[in-house]
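Student: Just passing along the structure, written as C-alpha coordinates.
The values are calculated or read from the model by the stated rules, or taken from the named source; none is laboratory data. Because the structure is a prediction, the values reported are computed rather than measured. We place every Cβ from the backbone using ideal geometry, glycine too, and count neighbours over all the protein chains shown. Surface areas here come from the heavy atoms of the whole protein model, side chains and all, with no ligands, DNA or RNA. Shrake-Rupley method; radii C 1.70, N 1.55, O 1.52, S 1.80 Å.
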Amino acid sequence: METVILPTAEEVGEMAARVVADVVRRKPTAVIGLATGSSPLGIYTSLQARVERGELDFSRVRAFALDEYVGLAASHPESYHSVIDRTVTRPLGMDRALVHVPDGTAPDLAAACRHYEHMIEDAGGVDVQILGIGANGHIGFNEPTSSLASRTRIKTLTPRTREDNARFFGSLDKVPTHCLTQGLGTIMRARQAVLVAQGAGKATAIAAAVEGPVSAMCPASVLQFHEHATIVIDDDAAAGLKLASYYKHTFASKPGWQRV
Ligand code: F6R
(Lines give C-alpha, C1' and ligand atoms only; values in the text may rest on other atoms or scores of the structure.)
Protein backbone atom coordinates (compact mmCIF):
# COMPACT_ATOMS: atom_id res chain seq x y z
CA MET A 1 0.00 0.00 0.00
CA GLU A 2 1.39 3.39 -0.94
CA THR A 3 0.32 6.47 0.99
CA VAL A 4 0.73 9.83 -0.71
CA ILE A 5 0.23 12.94 1.42
CA LEU A 6 -0.31 16.24 -0.37
CA PRO A 7 -0.82 19.75 1.01
CA THR A 8 -4.30 20.43 -0.39
CA ALA A 9 -7.54 18.71 -1.33
CA GLU A 10 -7.12 20.02 -4.91
CA GLU A 11 -3.79 18.25 -5.26
CA VAL A 12 -5.39 15.04 -3.95
CA GLY A 13 -7.97 15.13 -6.74
CA GLU A 14 -5.33 15.95 -9.33
CA MET A 15 -3.01 13.12 -8.28
CA ALA A 16 -5.76 10.50 -8.13
CA ALA A 17 -7.06 11.67 -11.52
CA ARG A 18 -3.58 11.06 -12.91
CA VAL A 19 -3.79 7.44 -11.77
CA VAL A 20 -7.14 6.96 -13.53
CA ALA A 21 -6.01 8.88 -16.63
CA ASP A 22 -2.93 6.67 -17.00
CA VAL A 23 -5.14 3.56 -16.98
CA VAL A 24 -7.57 5.00 -19.55
CA ARG A 25 -4.74 6.17 -21.79
CA ARG A 26 -3.21 2.69 -21.79
CA LYS A 27 -6.59 1.00 -22.27
CA PRO A 28 -9.34 3.10 -23.92
CA THR A 29 -11.95 0.42 -23.04
CA ALA A 30 -10.84 0.25 -19.39
CA VAL A 31 -13.30 -0.68 -16.67
CA ILE A 32 -13.30 1.86 -13.88
CA GLY A 33 -14.96 1.56 -10.48
CA LEU A 34 -16.80 4.69 -9.39
CA ALA A 35 -17.38 6.05 -5.90
CA THR A 36 -19.92 8.74 -5.08
CA GLY A 37 -19.98 11.23 -2.18
CA SER A 38 -17.85 14.38 -1.88
CA SER A 39 -14.38 12.84 -1.81
CA PRO A 40 -13.98 11.81 -5.48
CA LEU A 41 -15.51 14.98 -6.97
CA GLY A 42 -12.08 16.57 -7.42
CA ILE A 43 -11.00 13.51 -9.41
CA TYR A 44 -13.96 13.80 -11.74
CA THR A 45 -13.44 17.54 -12.21
CA SER A 46 -9.81 17.03 -13.00
CA LEU A 47 -10.61 14.22 -15.47
CA GLN A 48 -13.24 16.44 -17.10
CA ALA A 49 -10.60 19.12 -17.67
CA ARG A 50 -8.39 16.54 -19.41
CA VAL A 51 -11.32 15.45 -21.60
CA GLU A 52 -12.07 19.07 -22.50
CA ARG A 53 -8.43 19.67 -23.39
CA GLY A 54 -8.66 16.67 -25.74
CA GLU A 55 -6.08 14.68 -23.76
CA LEU A 56 -8.39 11.85 -22.76
CA ASP A 57 -11.35 10.02 -24.28
CA PHE A 58 -13.88 8.27 -22.06
CA SER A 59 -16.34 7.35 -24.81
CA ARG A 60 -15.42 3.64 -24.71
CA VAL A 61 -14.62 3.43 -21.00
CA ARG A 62 -16.88 1.12 -19.01
CA ALA A 63 -17.82 1.80 -15.38
CA PHE A 64 -19.39 0.20 -12.34
CA ALA A 65 -20.55 2.24 -9.36
CA LEU A 66 -19.83 0.88 -5.91
CA ASP A 67 -23.28 1.22 -4.46
CA GLU A 68 -26.86 2.48 -4.58
CA TYR A 69 -29.58 3.21 -2.05
CA VAL A 70 -32.44 0.74 -1.76
CA GLY A 71 -35.87 2.05 -2.67
CA LEU A 72 -34.80 5.32 -4.27
CA ALA A 73 -36.01 5.71 -7.86
CA ALA A 74 -33.18 6.13 -10.36
CA SER A 75 -34.71 9.51 -11.21
CA HIS A 76 -34.40 10.77 -7.60
CA PRO A 77 -31.71 13.50 -7.63
CA GLU A 78 -29.78 11.79 -4.83
CA SER A 79 -29.94 8.25 -6.19
CA TYR A 80 -26.47 7.18 -7.19
CA HIS A 81 -27.86 6.60 -10.69
CA SER A 82 -28.50 10.37 -10.85
CA VAL A 83 -25.34 11.38 -9.01
CA ILE A 84 -23.11 9.28 -11.28
CA ASP A 85 -24.88 10.61 -14.37
CA ARG A 86 -24.48 14.23 -13.17
CA THR A 87 -20.91 14.07 -11.87
CA VAL A 88 -19.27 11.42 -14.05
CA THR A 89 -21.12 10.11 -17.13
CA ARG A 90 -22.08 13.45 -18.66
CA PRO A 91 -19.03 15.54 -17.67
CA LEU A 92 -16.64 12.88 -18.99
CA GLY A 93 -18.61 12.21 -22.17
CA MET A 94 -19.15 8.55 -21.30
CA ASP A 95 -21.62 6.28 -23.05
CA ARG A 96 -24.59 5.82 -20.66
CA ALA A 97 -25.01 2.22 -21.82
CA LEU A 98 -21.53 1.43 -20.49
CA VAL A 99 -22.05 2.91 -17.01
CA HIS A 100 -23.62 0.59 -14.45
CA VAL A 101 -25.11 1.22 -11.01
CA PRO A 102 -26.68 -1.48 -8.80
CA ASP A 103 -30.47 -1.61 -9.08
CA GLY A 104 -31.81 -0.61 -5.67
CA THR A 105 -35.41 -0.83 -6.86
CA ALA A 106 -35.29 -4.40 -8.23
CA PRO A 107 -38.13 -6.62 -7.02
CA ASP A 108 -35.53 -9.27 -6.13
CA LEU A 109 -32.61 -7.38 -4.60
CA ALA A 110 -30.51 -10.48 -3.96
CA ALA A 111 -30.81 -11.45 -7.63
CA ALA A 112 -29.89 -7.89 -8.65
CA CYS A 113 -26.72 -8.19 -6.53
CA ARG A 114 -25.75 -11.50 -8.13
CA HIS A 115 -26.39 -10.03 -11.57
CA TYR A 116 -24.15 -7.06 -10.77
CA GLU A 117 -21.29 -9.35 -9.76
CA HIS A 118 -21.71 -11.27 -13.04
CA MET A 119 -21.69 -8.07 -15.07
CA ILE A 120 -18.39 -7.01 -13.48
CA GLU A 121 -16.90 -10.43 -14.22
CA ASP A 122 -18.22 -10.43 -17.79
CA ALA A 123 -16.58 -7.05 -18.33
CA GLY A 124 -13.26 -8.64 -17.36
CA GLY A 125 -13.08 -7.10 -13.89
CA VAL A 126 -12.28 -3.57 -12.75
CA ASP A 127 -9.01 -2.04 -13.94
CA VAL A 128 -8.98 0.81 -11.45
CA GLN A 129 -11.33 1.32 -8.52
CA ILE A 130 -11.87 4.82 -7.13
CA LEU A 131 -12.69 4.87 -3.41
CA GLY A 132 -13.62 7.35 -0.72
CA ILE A 133 -13.71 6.38 2.95
CA GLY A 134 -16.41 6.91 5.55
CA ALA A 135 -15.59 8.43 8.94
CA ASN A 136 -16.17 4.94 10.34
CA GLY A 137 -13.75 3.35 7.87
CA HIS A 138 -16.31 2.05 5.38
CA ILE A 139 -15.53 1.74 1.67
CA GLY A 140 -18.46 1.43 -0.67
CA PHE A 141 -21.14 0.96 1.96
CA ASN A 142 -19.30 -1.87 3.69
CA GLU A 143 -19.93 -0.77 7.22
CA PRO A 144 -17.77 -1.95 10.15
CA THR A 145 -17.86 -5.75 10.66
CA SER A 146 -18.60 -6.36 6.98
CA SER A 147 -17.02 -9.63 5.89
CA LEU A 148 -13.64 -8.98 4.34
CA ALA A 149 -14.65 -11.50 1.64
CA SER A 150 -18.12 -10.07 0.99
CA ARG A 151 -19.67 -9.65 -2.46
CA THR A 152 -22.37 -7.29 -3.72
CA ARG A 153 -25.27 -7.50 -1.30
CA ILE A 154 -27.84 -5.59 0.74
CA LYS A 155 -26.49 -3.70 3.74
CA THR A 156 -28.10 -1.67 6.50
CA LEU A 157 -26.58 1.80 6.76
CA THR A 158 -25.27 2.73 10.21
CA PRO A 159 -26.85 5.73 11.97
CA ARG A 160 -23.48 7.51 11.54
CA THR A 161 -23.47 7.04 7.77
CA ARG A 162 -27.09 8.16 7.49
CA GLU A 163 -26.25 11.29 9.53
CA ASP A 164 -23.17 11.97 7.37
CA ASN A 165 -25.28 11.69 4.20
CA ALA A 166 -28.26 13.67 5.51
CA ARG A 167 -26.62 16.78 3.98
CA PHE A 168 -27.56 15.47 0.54
CA PHE A 169 -31.20 14.83 1.47
CA GLY A 170 -32.05 17.88 3.57
CA SER A 171 -33.08 15.81 6.58
CA LEU A 172 -32.12 12.56 8.27
CA ASP A 173 -35.49 10.87 7.89
CA LYS A 174 -35.22 11.14 4.10
CA VAL A 175 -31.98 9.15 3.98
CA PRO A 176 -32.67 5.55 2.97
CA THR A 177 -31.90 2.91 5.58
CA HIS A 178 -30.52 0.26 3.23
CA CYS A 179 -28.24 0.03 0.23
CA LEU A 180 -26.76 -2.37 -2.26
CA THR A 181 -23.00 -2.29 -2.20
CA GLN A 182 -20.13 -4.09 -3.83
CA GLY A 183 -18.49 -6.21 -1.16
CA LEU A 184 -14.97 -5.91 0.17
CA GLY A 185 -14.15 -9.10 -1.72
CA THR A 186 -15.50 -7.48 -4.90
CA ILE A 187 -13.43 -4.34 -4.37
CA MET A 188 -10.32 -6.38 -3.66
CA ARG A 189 -10.56 -8.01 -7.09
CA ALA A 190 -9.99 -4.68 -8.84
CA ARG A 191 -6.52 -4.69 -10.39
CA GLN A 192 -5.72 -1.29 -8.92
CA ALA A 193 -7.36 0.86 -6.26
CA VAL A 194 -7.00 4.53 -5.44
CA LEU A 195 -8.58 5.84 -2.24
CA VAL A 196 -8.87 9.56 -1.60
CA ALA A 197 -9.64 11.40 1.63
CA GLN A 198 -9.58 15.05 2.55
CA GLY A 199 -10.08 16.86 5.84
CA ALA A 200 -9.65 16.22 9.55
CA GLY A 201 -12.95 14.32 9.76
CA LYS A 202 -11.28 11.41 7.96
CA ALA A 203 -8.04 11.35 10.01
CA THR A 204 -9.10 8.61 12.44
CA ALA A 205 -10.43 6.37 9.69
CA ILE A 206 -7.28 6.86 7.59
CA ALA A 207 -5.01 6.05 10.53
CA ALA A 208 -6.94 2.84 11.19
CA ALA A 209 -7.00 1.89 7.50
CA VAL A 210 -3.30 2.50 6.83
CA GLU A 211 -1.60 1.73 10.14
CA GLY A 212 -4.16 -0.20 12.17
CA PRO A 213 -4.57 -3.95 12.17
CA VAL A 214 -6.47 -5.42 9.23
CA SER A 215 -9.88 -5.73 10.77
CA ALA A 216 -13.52 -5.78 9.76
CA MET A 217 -13.92 -2.99 12.34
CA CYS A 218 -12.20 -0.73 9.79
CA PRO A 219 -13.29 -2.16 6.43
CA ALA A 220 -10.81 0.00 4.45
CA SER A 221 -7.94 -1.74 6.26
CA VAL A 222 -8.49 -4.74 3.95
CA LEU A 223 -6.65 -2.68 1.32
CA GLN A 224 -3.45 -3.53 3.19
CA PHE A 225 -3.81 -6.89 1.44
CA HIS A 226 -4.27 -5.33 -2.00
CA GLU A 227 -1.30 -5.63 -4.30
CA HIS A 228 -1.76 -2.21 -5.91
CA ALA A 229 -3.59 0.21 -3.66
CA THR A 230 -2.71 3.89 -3.36
CA ILE A 231 -4.04 6.13 -0.62
CA VAL A 232 -4.00 9.80 -1.64
CA ILE A 233 -4.82 12.21 1.19
CA ASP A 234 -4.29 15.77 2.27
CA ASP A 235 -2.36 16.88 5.36
CA ASP A 236 -5.53 17.14 7.45
CA ALA A 237 -6.62 13.58 6.69
CA ALA A 238 -3.06 12.43 7.43
CA ALA A 239 -3.06 13.99 10.92
CA GLY A 240 -3.42 10.64 12.74
CA LEU A 241 -0.66 8.80 10.85
CA LYS A 242 2.40 7.86 12.92
CA LEU A 243 4.62 7.48 9.86
CA ALA A 244 3.43 10.54 7.90
CA SER A 245 6.93 11.96 7.50
CA TYR A 246 8.17 8.59 6.22
CA TYR A 247 5.44 8.47 3.55
CA LYS A 248 6.29 12.02 2.50
CA HIS A 249 9.99 11.22 2.35
CA THR A 250 9.34 8.06 0.31
CA PHE A 251 7.18 9.91 -2.19
CA ALA A 252 9.57 12.85 -2.51
CA SER A 253 12.51 10.48 -3.08
CA LYS A 254 10.88 8.65 -5.97
CA PRO A 255 12.00 9.28 -9.49
CA GLY A 256 9.17 10.93 -11.46
CA TRP A 257 8.46 7.82 -13.57
CA GLN A 258 7.79 5.75 -10.49
CA ARG A 259 5.31 8.09 -8.82
CA VAL A 260 1.99 6.29 -8.22
C1 F6R B 1 -20.15 6.01 -1.86
C2 F6R B 1 -18.99 5.44 -1.18
C3 F6R B 1 -18.70 5.79 0.24
C4 F6R B 1 -18.13 7.19 0.36
C5 F6R B 1 -17.89 7.54 1.81
C6 F6R B 1 -17.30 8.92 1.97
O7 F6R B 1 -20.20 5.53 -3.18
O8 F6R B 1 -18.27 4.69 -1.78
O9 F6R B 1 -17.79 4.86 0.77
O10 F6R B 1 -16.93 7.24 -0.35
O11 F6R B 1 -19.10 7.48 2.50
O12 F6R B 1 -18.23 9.87 1.58
P13 F6R B 1 -17.82 11.39 1.37
O14 F6R B 1 -16.83 11.37 0.27
O15 F6R B 1 -19.07 12.10 0.98
O16 F6R B 1 -17.22 11.84 2.64
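Student: Per the Kirkwood treatment, what hydrodynamic radius in Å, one decimal, follows for the stretch 39-107 from the mean inverse distance over all distinct Cα pairs?
Tutor: Kirkwood hydrodynamic radius for the stretch 39-107: 12.6 Å.
Student: For the stretch 83-136, what is the convex hull (Cα atoms) projected area averaged across all directions, in square nanometres?
Tutor: 5.3 nm²
Student: Something else about it: What accessible area per residue comes out for the stretch 21-111, rounded to a whole number of Å², with a 1.4 Å probe? Please report the intermediate quantities before stating the final value.
Tutor: Values: 3840 Å² over 91 residues.
Using a 1.4 Å probe on heavy atoms only, each residue of the stretch 21-111 averages 42 Å².
Student: In terms of modelled amide H atoms, which long-range or inter-chain residues lie less than 5 Å from the amide H of Ala229?
Tutor: Long-range HN contacts for Ala229: Glu2, Ala193.
Student: Amide H neighbours of Leu131 under 5 Å, counting only residues 5+ apart in sequence or on other chains, H built in-plane at 1.01 Å?
Tutor: Val194, Leu195, Val196
Student: How much length is gained on full extension from Arg96 to Glu10, taking 0.36 nm per residue of separation minus their Cα-Cα distance? Working shown, then result.
Tutor: Numbers: separation 86, 0.36 × 86 = 30.96 nm, distance 2.75 nm.
Taking 0.36 nm per residue and subtracting the Cα distance, the gain is 28.2 nm.
Student: Now for a separate question. Could you tell me which of Val4, His81, Val23 has its Cα farthest along the dipole of the stretch 1-115 towards the positive end, charges placed at Cβ (Lys, Arg +1; Asp, Glu -1), taken about the Cα centre?
Tutor: Of Val4, His81, Val23, it is Val23.
Student: With +1 on each Lys and Arg Cβ and -1 on each Asp and Glu Cβ, how big is the dipole of the chain about its Cα centre, in debye rounded to the nearest 20?
Tutor: Dipole of the chain, to the nearest 20 debye: 320 debye.
Student: From zero up to wherever the largest Cα-Cα distance of the stretch 1-146 sits, split into 10 Å bins and tell me the percent of pairs in each.
Tutor: Percent of Cα pairs in each bin: 11, 41, 36, 11, 1.
Student: Using a 1.4 Å probe on the protein chains only, how many percent of the accessible area of the chain belongs to carbon and sulfur?
Tutor: Values: 6070 of 11140 Å².
After summing per-atom areas, the C and S share lands at 55 percent.
Student: Could I ask something else about it? Long-range amide H contacts for Ala30: which residues qualify at under 5 Å (H placed 1.01 Å from N, peptide plane, sequence gap of 5 or more or a different chain)?
Tutor: Amide H neighbours of Ala30: Arg62.
Student: Give the percent of DSSP beta bridges with both residues in the chain that are antiparallel, rounded to the nearest 5.
Tutor: Of the beta bridges lying entirely in the chain, close to 30 percent run antiparallel.
Student: What is the gain in length, in nm to one decimal, between Met217 and Ser59 on full extension, counting 0.36 nm per residue of separation less the C-alpha to C-alpha distance?
Tutor: Taking Met217 through Ser59 to full extension adds about 53.0 nm, to one decimal.
Student: Based on the alpha carbons, how large is the Rg to Rh ratio for the chain when Rh follows Kirkwood?
Tutor: My calculation puts Rg/Rh at 0.94.
Student: In percent, what relative contact order does the chain have, based on Cα pairs under 8 Å that are 6 or more apart in sequence?
Tutor: Over the chain, the number comes to 25 percent.
Student: The stretch 79-151 to the stretch 197-260: how many Å between their Cα centroids?
Tutor: Between the Cα centre of the stretch 79-151 and that of the stretch 197-260, the gap is 23 Å.
Student: Provide the FRET efficiency to the nearest 0.05 for the Ala49-Tyr246 pair, computing r from the beta carbons and using R0 = 30 Å.
Tutor: 0.40
Student: Quick one: net charge around Ser59, please, counting Lys, Arg +1 and Asp, Glu -1 for every other residue with C-beta under 13 Å from its C-beta.
Tutor: +2
Student: Taking 0.36 nm per residue of separation and subtracting the Cα-Cα distance, what length does fully extending Phe168 through Ala73 add?
Tutor: So the chain would gain 32.7 nm between Phe168 and Ala73.
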